[in-house]
Every structure is written in C-alpha cells, then in structure tokens.
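Structure record follows, encoded as structure tokens.
The values are calculated or read from the model by the stated rules, or taken from the named source; none is laboratory data. Predicted model only: the values in this text are computed from it and were never measured. Neighbour counts run over all protein chains shown; Cβ positions are idealised from the backbone, glycine included. We work out accessible area using only protein heavy atoms, side chains counted, and drop any ligands, DNA or RNA first. Shrake-Rupley method; radii C 1.70, N 1.55, O 1.52, S 1.80 Å.
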Amino acid sequence: MIIKKLKTIITAILAVTLYLTLTAVSCDITPDMEDNGEVVDLEPEPDEGEKEKLTISITPPTVDSTDPTLVPNSQTTIPSDAIVITFKDGNAEIHDPVKCLDITNNKGHIVIKPRSEGSYSYYLQGITDNGSVEIHGKNRIKLNLNGIGITNPNGPALSILTEEGCYMKIEDNTSNRLVDGNAATNTAKATLLCEGPLDIIGKGALQLRGKKADAIRCGGSITIDQAYILIKEAAGHSINCTSGDIKIAGGRIKSLSTRSGLTATDDDKGSITITGGIHRFSTLAEQSPAIQAAGNLAISNRDTIITDTYGDASHSIYASGKALINNTILCTYTLGSQIPACIYGEDDIDITGGSISHITAKGSGIFSKGDITITGGSISAISTEAGAAILRSDGRFSISNASIAIHTESSYNMAIYSKGPLSISSGKVDLTSFNTSMGTASTMDISGGFVYCYSLAGYAMHSDDDMTFSGGLILALGSDGAGKALNTNSSILMKGGRLVAMGGKSSIPDESGSTQQSVIYNTTLYEPSVVAVKQLSGNFIAVYKATRKFQPTISCLISAPEILPNTTYELYLKGSVTGSDHFHNIYYNNFNYTIGFLAKTVTTNGVSGGVNYFYE
C-alpha cells in the first residue's frame, strides 16, 4: 500500500488536514483503494509493485459575509493628553486636549489636520455603521484602537495620511473592526490606508473587510507583532506594502483575499521577513501568490505558516530575490493549473531547517531559477496531476542533513530535477514517481545519506553527464521493459557506498572510471522475495528483500565496499530476512537471513572498478 511507503508524507498531510479543519477549510486526501484505507502496519514497505492512486479533494474557502455583534471591550484608562474619538448614536464625540488641530466632523466622518506639527496620540473607540477617520500631517502619530468598529460604505474606514506613518497599538483584550463598502461610489484603495510606515502591535484583535480593494495598504514599511489580525475578505490584496519591506515578529494573521495575501511590491526594498507567529494566507484569483516578495524572503518563525492558492498560475509563495527558510513549520498547497509552485524563487532558495509540506494538483513544490540548497529540516510533497518537477532548480541542487519524501503520480512529473549539478551528501531522500524519480541535465553525485528512488514508468535516476556514487546507501528501482534503474548519457562511476539498482534493462558502471567492484544479475524470471550476495568464505554483504515484480526481465546491480577484486561470491535467492537495521528492505547491519537456495557464483575480475555477472 502506498500509505505504508509514504509514512513521512502522510504524517505531514494529516497535520495539514487537522490544521485546515480547525481553521474551517475542508481538506480530504485519501487513497483510492478497496480496503477502506485501513492502515494495519505503518512500517514502510517501499518497493511494493502495486501503487494505488491518491486523490486530493480540497474545498476552497468562501467569504463568510456574516459578522457577530462586536463587543469592543474598550479599556477605561486613557492618557489625559490623548485625542479621543468616540463613535455612538450615528455620530462621534471628540475630546481634543491639545487644541491645535482642525477637526471636521460630518455625521461621524472625521477629518483631522494639524495646525502645527507634532507627534500626537489618538484613541479610537465606539461603533458606527457609517463613518470614517482621516488623519493628516507630517509627523509620526500614535494610534490606539480601543474597541473600535467603523464601517464606511463609500471609502476607507481609516486613513492615516501622515508622511512619517503611524505606530498603531491594538489595545490588549479589545475587539476592533474596520470595514469599507462595495458601493459604486467607493473609490477606496484599502479599508486601512497608511501613506507612511506602519507598525502594528498589541494583544488585541483587529478584523477587516476590504470589499472594494485591499484590506491593508501601506506606502511605507510594515511591522507586525503580537496582534491578532483577521481579514475576512479582500477584493484586492490582504496586506499590501507598496514601498518598503514587511517584518512580522509574532501574533496571528489569517486572511482570505482575491489577489495576493501578504505582498511587498517595492522593487528596491520589497523584502518580507517572518520571525514569529502563526499565520495563514489564502488567495482565490489567478496569478495571486499567498506571500509575494519583490525582494528577498526570509521565514524563520519556529511557528506555523499555511499558504493556499486556488487560482491558475498562483504560486503559494513567490520571491523575486533570494529565499531563506529555516526553523519553521510551513504548509503550502496550490490547486490551480498552469504549473503553480508552492515555493517559487527567481533567485537562489536556501532551506536550513524546519518542516515543509507541499500539496499540489498541477504544479511543483519548489521551483528556483537559481540554486536550491537544502542543508537541514524535512520536506514532504505530493502531486497528483501533470505539472513540473516537484523540486526543480535551474541551477545547482544540493542536499545534506535533510529528510525529503516526495510522491508524484503524473507520468510527466519528476520528483527532483536540476539543470545544474545535483548532489546528495547526507540525510534521507525518498522519491516515488511514475516518471523518472530524480534527474539532472548535468552531473549527479551521491556521496552519502540514504537515497530511495522508485519509478513505475521511467528511470529511477537519470543524468546527462557523469553519475557518481562515492558513499551512502542507495536503492534505485526503475520500471519494467526499457526502464533502467540508472540511466546516463555519460558514465556510471562506482567509487564507494552501497547500491542496489533494479530495472528492466541493465545499468552498467564504467570499469575504467570506477574504483569499487559491482556484480550484476540478469534473468528472464523474477520470483525471489530475497536477493543476497555472500563472499564464498565470508559473510553476507548485501541482502535485499524485494517484492516488486519485473516482467519480462530484470537486471539487478549490486555494489558495496566488501565486493573485492579476484574474489568469489555467491548469489542466493528466496529465503527470509529479519532485522532492525534496514533502509527500504536493504539490510545492512544486525540482520538474520534464512538461506533460500544458492543460484549462482562469480569470481570477480582484477580491475578495481570491475563489473561482474552472475550469468544464467
């Protein structure tokens, strides 16, 4: 069962499903099979031949047009020098202790212009269903949301038109709501509009609806910490920074928007940094990333971020600059067509830690036009329809100290592909695909780690240039017929490590360039459940419990440091093997093999990288 083979992926998916359930989004991911999906044994059996199709059924979120009665819970302690605006009874009361402001009140629509510049402090409180606040000036102001509910049918609910921006505090334990209108006369760019930098802090809650355009739009940098921000709808972007960068250090943000969710569009400074908080950004339209940075992107928040997109060509996360992901729980999924990526980078992408889960129907998991470097953390990904390679780099692709599990069901998708050199030096890589599992247009170099590549209808591994093995434990299973486990347009070089490679056609190392011996067993029948190689006067050096059937032929390549020149080896078939130390049924330590029968013997040649055959 494929559930047994993809324990890492399924575990991640269950976590995503649980989170989405808690956040009121339906997400069902089930295998199509007749045993009701019962999982009896979670121990992975990675090389089974039968592969049931997975189906992904995700219901996009919809706009909830209802709002519960706002309970402001306004705080009673207000500084004596603060300007206080209190909405009630369809109008507003204004307390102005500074006496140097021109204040216009048109039935609850407030416009404030200072006669002399200063860093004024404002408190907004009360509820109105037809009002607004517009604050002008040059200097930075302090604005306290103290249990405010403002709906403006014809424009922004709150406009901060100060050159130096605003320090906004959402008062602790208060509930606040800002809503614009969708009337034809509404020309608002956002419900909350700020011309300069905007800092949002506080342990209160702020709910917004951007019925006409953006929910929050800022002409300067944005920083957010502690606050809970709920954007129930945005006809434009949820949070749009048009000049400067975005920094989120904590709090909780949940948004649903037609266009991009969290976006910084400044070509020079449009970077996004997330170092804390639990956040979710959902988008519905085409070409609308959940997170979009015109500059660099850094996510290292140690909490959870979910990004989900439903429109065509809508990447879940998009970075024009470099992208760094570290020490975070990141769940991304894309349901649109036209090959959207869960993480798309115009430049290099570095992943140094954390846990990343990708679900995509017709796209890729990670796509970089530069290099991809993964030096830690775990990545799990599923794709069920045609798209690009799940992890793809137009430059170099390097993996070390990471755990990667990928399953793709389309015959057009590779699990991992790079145009530049591809290398694995440590960690664990599990790939299951219907096309070639792992490929590169350049060289492939595996020097360490645990690597498993399974292809049902292609090569397990492919390289246009040399394919070199110098360390690690590798199992490569190509397809029946013409499918090779290892395919290259250049040479297969065995220089170390332990390798078992099976396919319909032979994968033959280059003797002149290799430094480690190999043995090959070709047969027209495939019945054994165990293949074992033993030195004539020594121990078993390779025991593989195989359950996948190849028809009509099979070619099995085995290479290990214990296979030496000018030495006789025996090939055993069938029998049984048990033990705790195995990787996808390659037993390499602390195992017990009950012998089936001796099938063949071979004496290796004297070449250090020699290739030897157990002939029929």
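Numbers below:
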read-out: Restricting the range 242-254 to residues that are within 23 Å of the chain's Cα centre (by Cα) and closer than 20 Å to Cys166 by Cβ, the residue that is most open to solvent (accessible area, probe 1.4 Å); value: Lys247
read-out: Among the residues listed as Asn130, Asn105, Asn91, Asn139, the single one being in contact with a Pro (Cβ under 9 Å, 6 or more places away or on another chain), more than 26 Å from Ala234 (Cβ to Cβ) and open to solvent by 10 Å² or more (accessible area, probe 1.4 Å); value: Asn139
read-out: Glu117 modelled with pLDDT of 95 or more, assigned to a loop (DSSP other than H, G, I, E, B), farther than 25 Å from Ser257 by Cβ and charged (D, E, K, R); value: no
read-out: Restricting the range 571-581 to residues that are within 14 Å of Phe540 (Cα to Cα) and without any contact (Cβ under 8 Å) to a residue 40 or more places away in the chain, the residue that is least open to solvent (accessible area, probe 1.4 Å); value: Gly579
read-out: Test: residue in the range 528-544 that is among the small types (Gly, Ala, Ser), at pLDDT 95 or above and more than 24 Å from Thr432 (Cα to Cα); value: no
read-out: Tally of residues being open to solvent by less than 10 Å² (accessible area, probe 1.4 Å), in a loop (DSSP other than H, G, I, E, B) and under 25 Å from His582 (Cβ atoms) across the range 510-536; value: 1
read-out: Qualifying residues in the range 472-493 (those that are at pLDDT 95 or above and either over 16 Å from Leu557 (Cα atoms) or of a type in the set (Ser, Thr, Tyr) (or both)) - the one surrounded by the fewest Cβ atoms within 10 Å (Cβ to Cβ); value: Asn489
read-out: Among (1) open to solvent by 10 Å² or more (accessible area, probe 1.4 Å); (2) polar (S, T, N, Q); (3) over 12 Å from Val543 (Cα atoms) - the single one Asn589 does not satisfy; value: (3)
read-out: Residue list for the range 335-345, restricted to those being under 21 Å from Ser238 (Cα atoms) and assigned to a strand (DSSP E or B); value: Ala341, Cys342, Ile343, Tyr344
read-out: Residues (crowded, with 20+ Cβ neighbours inside 10 Å and in a loop (DSSP other than H, G, I, E, B)) located in the range 549-563; value: Phe550, Ala560, Ile563
read-out: Conditions (1) more than 26 Å from Ala290 (Cβ to Cβ); (2) assigned to a strand (DSSP E or B); (3) touching a residue at least 60 places away in the same chain (Cβ under 8 Å); number of the one not met by Lys232; value: (1)
read-out: Residue match in the range 175-192 (condition: among the charged types (D, E, K, R), modelled with pLDDT under 95 and within 24 Å of Lys88 (Cα to Cα)); value: yes
read-out: Residue match in the range 564-576 (condition: of a type in the set (Ser, Thr, Tyr), closer than 14 Å to Thr604 by Cβ and assigned to a loop (DSSP other than H, G, I, E, B)); value: yes
read-out: Top-ranked residue in the range 325-382 [being open to solvent by 10 Å² or more (accessible area, probe 1.4 Å) and among the β-branched types (Val, Ile, Thr); ranked as farthest from Gly427 (Cα to Cα)]; value: Ile339
read-out: Residue within the range 595-607 that is outside any loop (DSSP other than H, G, I, E, B), hydroxyl-bearing (Ser, Thr, Tyr) and over 24 Å from Leu456 (Cβ atoms) present; value: yes
read-out: Where Ser257 falls short, out of the listed (1) among the polar types (S, T, N, Q); (2) within 18 Å of Thr191 (Cα to Cα); (3) open to solvent by 10 Å² or more (accessible area, probe 1.4 Å); value: (3)
read-out: Which listed residue is in a loop (DSSP other than H, G, I, E, B) and in contact with a Lys or Arg (Cβ under 9 Å, 6 or more places away or on another chain), from Gly353, Gly365, Gly370, Gly321; value: Gly370
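To keep it simple, each residue is scored yes or no on (1) touching a residue at least 12 places away in the same chain (Cβ under 8 Å); (2) within 12 Å of the chain's Cα centre (by Cα); (3) over 24 Å from Lys247 (Cβ atoms); (4) assigned to a strand (DSSP E or B).
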residue	(1), (2), (3), (4)
Ala313	yes, no, yes, no
Tyr333	yes, yes, yes, yes
Asp347	yes, no, no, no
Ile359	yes, yes, yes, yes
Gly376	yes, no, no, no
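Results for (1) over 15 Å from Ala460 (Cβ atoms); (2) open to solvent by less than 40 Å² (accessible area, probe 1.4 Å); (3) touching a Phe, Trp or Tyr at 6+ places or on another chain (Cβ under 8 Å); (4) in a strand (DSSP E or B), shown as yes or no for each residue.
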| residue | (1), (2), (3), (4) |
| --- | --- |
| Ala389 | no, yes, yes, no |
| Gly395 | yes, yes, no, no |
| His407 | no, yes, no, yes |
| Ser410 | yes, yes, yes, no |
| Asn413 | no, yes, yes, no |
